[in-house]
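Notes for the one structure printed next.
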There are 2 protein chains.
Amino acid sequence: MSFKVIASKHAALLDQELMSTCGFTIDQLMELAGLSVAQSIYKVYPPSTHTNCLILCGPGNNGGDGLVAARHLKLFGYKPIIYYPKPTKRPLFDGLVTQLKLFNIEFISSGNQLSESFNTCDLIVDALFGFSFHPPIRQPFDSLISQMIQSHKKIVAVDVPSGWDVDEGPVIEQIKNYQPDLLVSLTAPKPCSLKLADKSRHFVGGRFIDPQFAAKWGIDLPNYKGTDQCVELT
Amino acid sequence: MSFKVIASKHAALLDQELMSTCGFTIDQLMELAGLSVAQSIYKVYPPSTHTNCLILCGPGNNGGDGLVAARHLKLFGYKPIIYYPKPTKRPLFDGLVTQLKLFNIEFISSGNQLSESFNTCDLIVDALFGFSFHPPIRQPFDSLISQMIQSHKKIVAVDVPSGWDVDEGPVIEQIKNYQPDLLVSLTAPKPCSLKLADKSRHFVGGRFIDPQFAAKWGIDLPNYKGTDQCVELT
């Protein structure tokens, strides 16, 4: 498998450019990113076999992508449950939570509920940390990631497997054996995706740039089919 | 064909509720609405046969849906050209224009360019007026709609065929014979869609409410397939 990657530093700059000179709002980009995550999940783990999804949302934009994905998963026929221990205090994120509550999607809070959800879910969405993650992994996320790994459920990572160094991969001892079953890279794969196990599947989503813009940043646009918002790298 | 419709007054209230108590931003809803229009077009008029699209954008949110659709159409392989004679002076709309310019999508301004585009396009997207339209049709839109009708090109109407009374249909003399080839109703069909000709195709897009919310407003959710953002009513 051969594809171009974008280093964490450049991914941050690209994101900044999209939301400044390119005129996108974070609302738009997050909506399309989360939708592409939900579509990728549908292609690999359809709701008929993986109804119950536990969505783990972190405190930043990666968590926001998870919240959007959860809403679309509900519309696609899944039963998502959300764990969002450190909600971001910004209007966009407040709105995403309100939308989910409108959809009667459950937010869990206690450790008991969480343990039960790890047991009963068919699928975990890891939307804890994205391309701006830097070690160490702080509480409560270190024990949360350990629980996730030990659950032996199917794991879908949003953009970056949480705890992995974005450029180097799984270098922290605690998450050394963590491999998601499905990684959905957003816009373009980050260097750590080169450390994915052979058995892990790898999609690209976040279909919002055109070939010329991609070329300027030295990345490839994957070969999206039709109106699909995601595509598997093979 | 049997489906529930939502009167213009209620459509406006539903929209208000989505963007207040439900926590959605207009950026999110417009992104999903425009995407669903582009997907509907792809299903009926694929880019292999209908490459050149002339997108006519009005001064309100219907025009914004057209701007978003144009961007997705470009990503799907079309060559959109935009006519947007009365740009809305709001940051969201400025941003949508900036995004399109980043994608090297042409905006035409002169009457000559417009006449040429009517001649050379394969498809027209009518994103002039939506569910808040009230007669009369003011300049420059009255002559624009006449030109559109007289072009005899395929026409895709966004939410409401422009100039039609949202609840009554084509009552104004000037547009009495206007029938779009494809109507994409957003969220739910408006009453005027009952006046669509038998030969017109009818899709519903704007997949952002759940069955319970739909029931509260007395509308049906169409039977979306998989992760599709639109579905044909048959």
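The values are calculated or read from the model by the stated rules, or taken from the named source; none is laboratory data. Quick caveat: nothing in here was measured; it's all calculated off a predicted structure. Every residue, glycine among them, receives a Cβ derived from its backbone with ideal geometry; neighbour counts consider all protein chains shown. Just so you know, the surface numbers come from the protein's heavy atoms only, side chains and all, with ligands and any DNA or RNA stripped out. Shrake-Rupley method; radii C 1.70, N 1.55, O 1.52, S 1.80 Å.
Brief remarks follow.
- Across peptide A:26-32, the average count of Cβ atoms from other chains found within 10 Å of a residue's Cβ is 6.
- Cα Rg over Rh - chain A, Kirkwood: 0.93
- 7 Å along Cα→Cβ, label-point gaps from B:P91 to other copies, nm, shortest first: 0.8
- Of all chain B residues, the one whose C-beta is nearest the axis that brings B onto A, in angstrom: B:D27, 2
- Fraction of accessible area attributable to carbon and sulfur, the range B:83-184 (%, probe 1.4 Å): 48
- Filter on A:K89/B:K74; B:K9/B:K89; A:K190/B:K74; A:K101/A:K199; A:K79/B:K79; B:K101/B:K195 - keep pairs with C-alpha separation over 29 Å: A:K89/B:K74; A:K101/A:K199; A:K79/B:K79; B:K101/B:K195
- Interface B:A - total buried accessible surface [probe 1.4 Å, Å², rounded to 100]: 2900
- For the range B:41-161: rounded, prolate or oblate by the Cα gyration tensor [a/c cutoff 1.5]: rounded
- In this structure, A:N223 and B:Q113 have a Cβ-Cβ separation that, at R0 = 30 Å, corresponds to a calculated FRET efficiency of about 0.35.
- Gain in span if fully extended, A:S132 to A:T120, counting 0.36 nm per residue against the direct Cα distance: 1.2 nm
- Loop-located trypsin sites (Lys or Arg not before Pro) in the range A:75-170, at most 13 other Cβ atoms within 10 Å (DSSP): A:K89, A:R138
- Share antiparallel - DSSP beta bridges, the range A:26-214, percent rounded to 5: 5
- Per the Debye formula on identical point scatterers at the alpha carbon atoms of the range A:103-234, with no solvent, log10 I(q)/I(0) at q = 0.21, 0.22 Å⁻¹ is -1.26, -1.33.
- Antiparallel %, DSSP beta bridges [both residues in the protein assembly as shown], to 5: 15
- In this structure, the amide hydrogen of B:I155, modeled 1.01 Å from its nitrogen in the peptide plane, lies closer than 5 angstrom to those of B:I124, B:D181, B:L182, counting only residues at least 5 positions away or on a different chain.
- Part-to-part distance (alpha-carbon centres) for the range A:141-219 and the range A:82-112, which is given in Å: 23
- Using bins of 20 Å that start at zero, the share of Cα-Cα pairs per bin across the protein assembly as shown amounts to 25, 54, 19, 1, in whole %.
- Inter-copy label distances for B:E17: 4.4 nm (label point placed 7 Å from Cα along Cα→Cβ; shortest first).
- Cα-derived Rg to Rh of the range A:173-224, Kirkwood definition: 1.05
- For chain B, modelled as a GNM whose springs connect Cα atoms under 10 angstrom apart, the maximal fluctuation among B:F141, B:F107, B:F24 occurs at B:F24.
- Span-like helix ranges in chain A, DSSP H, alpha carbon extent 20 angstrom or more, Kyte mean at least 0.0: A:26-44
- Taken over the Cα atoms of the range B:10-67, the convex hull encloses 92 Å³ per residue.
- Sites listed here are trypsin sites (Lys or Arg not before Pro) in the range A:181-229 whose DSSP assignment is loop and whose Cβ has at most 10 other Cβ atoms within 10 Å: A:K199, A:K225.
- Per residue, the protein assembly as shown exposes 40 Å² of accessible surface when a 1.4 Å probe is rolled over the protein heavy atoms with every protein chain present.
- The residue list A:N177, B:Y83, A:G130 was ranked by how far each Cα lies along the charge dipole of the protein assembly as shown toward its positive end, using unit charges on Cβ atoms, and A:N177 comes out on top.
- Coordinate range along principal axes, alpha carbons of the range A:64-111, Å, largest first: 29, 27, 17
- Counted charge near A:A33, where neighbours are those whose Cβ lies closer than 10 Å (Asp, Glu -1; Lys, Arg +1): -2
- Dipole magnitude for the protein assembly as shown: about 160 debye, using +1 per Lys or Arg Cβ and -1 per Asp or Glu Cβ, origin at the Cα centre.
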